[in-house]
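Please read the structure below before turning to the comments.
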Amino acid sequence: MKGKPVRFQTIKNPLRRFAAIVLIVWLTACSQSPKEAPPEPAVIDDHGLLRIPEHSPLRSRLQVQTVELRAVPHTLTAPAMVEADPARTANILPPLSGKIAALKVGLGDTVHRGQLLAAIASGDFAQAVSDAAKARDALDLAKKSLDRAQAVQQAGGAAVKDMQAAQSGYTQALDEDRRAQARLAAVGGTGGGGQLADAHGIRVLAPMDGSITALSIAPGTYVNDVTASMMTIVNLDSVWVTADVAEDDLALVKPGESADVSLSAYPGSVLHGRVATVGSVLQPDTRRGMVRIVIANADGRLKPNMFATATFAAAQPAQVFVPESALLMNNDSTTVLVEVSPWTFQRRTVQLGDDEGTGTRVLSGLRQGDRVVVKGGVLLND
């Protein structure tokens, strides 16, 4: 038995047709879930300008600060070493060759100006003493001859040439006496012999206060080279701390400026001094210049050849400073975010100077009065 085909009746009434369409549309709308509204972005990139919308959570996480000009000195450090002041160092040379008759000091002893250091028995010194005595005797004789000639002339019995001869003899004797006494004084004599125990002893005296830091003689030895030092006296009441400053930084250090010195031997102790000289010649192997700092050393704590570190506060012109948190790295450049209008920022490349601890010096890219992001800028760096 064959089934009958199903036939759909066409709605001919217009009102019923319209109602059916409305019903279908309503059922279709009800069968679909409503779409959610898209969230508001936290930051809007408007052709390089980063805008923070009003309700963005970034507004509570960003901190903006106005940059200022500050005249902050540049802190410069350099390795250094303690040295004796050459003006307070004396190399004691023998005035003449001879034998060390007595040695009155030892290595490391403290001596005072005028103190007897040694005595040298010298034939040359004996000759100088003899020459001085002969010159003094000849001067006395020439003076007597001149006085006698003057007396005879006053009595009318002396010729003019005799008076002139007596005057010439006295003048020559006076010059010879001066030469002999100067020679004797130069080799350690005092005009009265200058001997330690006899006329053959040269008295070697300390020229200043200090300590014996080098000694190359002993009693009974001979000194034949008058250019070789017998001992060295160093006064360490004031010393030099010589710093090796790099060539690029040498122009920042000026004589008279203050400097701080710390030593490996005394951790935590900082000494204060002033720059005495800035070397005018660089060391060819290190390309560094020597800067010498004068340090008082009345207690003798500083010893020559101690290692130290010198710190200088080099004066700098007023420049812009920013905290390190404001700096953002972008490839090979360093940038900051500058506020160009309220909550609108622009990335700007900067050239940096030295980090002074309280901030980083900006050489170019910012000027006084600019407002930059100092906290949270990394959230905008992507």
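Just a few scattered comments:
- Taken as a whole, the condition of being at pLDDT 85 or above, within 54 Å of the chain's Cα centre (by Cα) and open to solvent by 70 Å² or more (accessible area, probe 1.4 Å) applies to ARG179.
- Within the option set ALA102, ALA126, ALA135, ALA118, being open to solvent by less than 40 Å² (accessible area, probe 1.4 Å) and either closer than 30 Å to LEU302 by Cβ or assigned to a loop (DSSP other than H, G, I, E, B) (or both) holds for one residue only, ALA118.
- The sole residue among ASP260, ASP225, ASP237 that is over 22 Å from PRO304 (Cβ atoms) and surrounded by fewer than 19 Cβ atoms within 10 Å (Cβ to Cβ) is ASP225.
- Of the criteria (1) of a type in the set (A, V, I, L, M, F, W, C); (2) under 30 Å from LEU184 (Cα atoms); (3) surrounded by 13 or more Cβ atoms within 10 Å (Cβ to Cβ), which one LEU302 fails: (2)
- Unmet criterion (only one of (1) open to solvent by less than 90 Å² (accessible area, probe 1.4 Å); (2) at pLDDT 90 or above; (3) farther than 30 Å from GLN316 by Cα; (4) not β-branched (Val, Ile, Thr)) for ALA80: (3)
- Filter result (part of a strand (DSSP E or B) and either among the hydroxyl-bearing types (Ser, Thr, Tyr) or open to solvent by 20 Å² or more (accessible area, probe 1.4 Å) (or both)) within the stretch 367-382: ARG371, LYS375
- For the condition closer than 29 Å to GLY108 by Cβ and in contact (Cβ under 8 Å) with a residue 24 or more places away in the chain, VAL294 qualifies.
- Remark: GLN167 falls outside the filter, which requires a residue to be open to solvent by 20 Å² or more (accessible area, probe 1.4 Å), at pLDDT below 85, farther than 30 Å from TYR222 by Cβ and assigned to a helix (DSSP H, G or I).
The values are calculated or read from the model by the stated rules, or taken from the named source; none is laboratory data. Predicted, not measured: the structure shown is a model, and the values here were computed from it. When we count neighbours, we look across all protein chains shown, and the Cβ atoms used for this are built from the backbone with ideal geometry, even at glycine. When the accessible area is computed, the model is the full protein with side chains, heavy atoms only, and any ligands, DNA or RNA have been set aside. Shrake-Rupley method; radii C 1.70, N 1.55, O 1.52, S 1.80 Å.
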